[in-house]
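Structure first, commentary second.
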Amino acid sequence: MTLLIDPETRDLVFDEDGSFKKIYDNDTTVQNVRHALLTWKAEFFADQTHGTDYESIMGKNQNEIEDEEIKEIIREAVFQEPDVSRIDSLEVSYDRREITVELSATLVDGETIVLEVTA
């Protein structure tokens with residue numbers, strides 16, 4: 001169980017009674033993977049290892065970094081979530097200012113998650 005964070009605004013979400021909305025199980029895993037991909041590595045002072053190493057990707061020309069190197073950086077971020085067992089498909093498109101990741105992954109419980117994140 002974790003608190004629901006709106007994927008668009010990144011704000012906590014409240015229900016009609018004014019209580020925090022909660023999510024469970026695989027929804028928690030999807031949210032955690034999304035946030036790992038939206039967070040620049042070392043962005044959060046209390047955990048310098050969390051996030052994605054966008055410093056190695058963004059601001060570079062496409063011929064300065066190999067596509068497989070970018071995918072490896074993304075894989076590293078996704079596997080920060082211990083409930084992810086494997087990545088089944090991974091597509092990355094980017095320019096110097098924005099990166100979009102589409103992925104499908106299998107969780108340790110055998111369930112599949114699919115998400116798209118633009119950072």
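Within the option set Ile74, Ile87, being buried (at least 17 other Cβ atoms within 10 Å of the Cβ) and either touching a strand residue (DSSP E or B) at 6+ places or on another chain (Cβ under 9 Å) or polar (S, T, N, Q) (or both) holds for one residue only, Ile74.
Considering each residue of region 29-43 in turn, none proves to be closer than 17 Å to Ala119 by Cβ, of a type in the set (Phe, Trp, Tyr) and out of contact with any helix residue (DSSP H, G or I) (no Cβ under 7 Å at 6 or more places or on another chain). Checked against the criterion of being under 16 Å from the mean Cα position of the chain (by Cα), under 22 Å from Arg10 (Cα atoms) and at pLDDT 85 or above, region 63-71 has no qualifying residue. Output the residue which, of all residues in region 83-103 that are part of a loop (DSSP other than H, G, I, E, B) and of a type in the set (Asp, Glu), is modelled with the lowest pLDDT. So the residue we want is Asp95. Determine whether region 5-23 contains at least one residue that is under 25 Å from Asp109 (Cα atoms) and polar (S, T, N, Q). No: zero hits.
Okay, residues lined up against (1) farther than 26 Å from Gly59 by Cα; (2) modelled with pLDDT under 95; (3) aromatic (Phe, Trp, Tyr):
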residue	(1), (2), (3)
Thr2	yes, yes, no
Glu8	no, yes, no
Phe14	yes, no, yes
Lys21	yes, no, no
Asn26	yes, yes, no
Val33	no, no, no
Lys41	no, yes, no
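Scanning region 90-112 for residues that are surrounded by 13 or more Cβ atoms within 10 Å (Cβ to Cβ) and either touching a Cys at 6+ places or on another chain (Cβ under 9 Å) or closer than 21 Å to Leu38 by Cβ (or both) yields Leu90, Val92, Tyr94, Ile99, Thr100, Val101, Glu102, Leu103, Ser104, Ala105, Leu107. Number of residues in region 69-90 that are closer than 19 Å to Trp40 by Cα, without any contact (Cβ under 8 Å) to a residue 40 or more places away in the chain and either of a type in the set (Asp, Glu) or in contact with a Gly (Cβ under 8 Å, 6 or more places away or on another chain) (or both): the value is 3.
The selection criterion, being β-branched (Val, Ile, Thr) and assigned to a loop (DSSP other than H, G, I, E, B), does not hold for Thr29. Taken over region 55-82, residues that are part of a helix (DSSP H, G or I) and either of a type in the set (Lys, Arg) or in contact with a Lys or Arg (Cβ under 6 Å, 6 or more places away or on another chain) (or both) amount to 2.
The values are calculated or read from the model by the stated rules, or taken from the named source; none is laboratory data. Since the model is a prediction, treat every value here as computed from it, not as a measurement. Backbone-built Cβ (ideal geometry, glycine too); neighbour counts: all protein chains shown.
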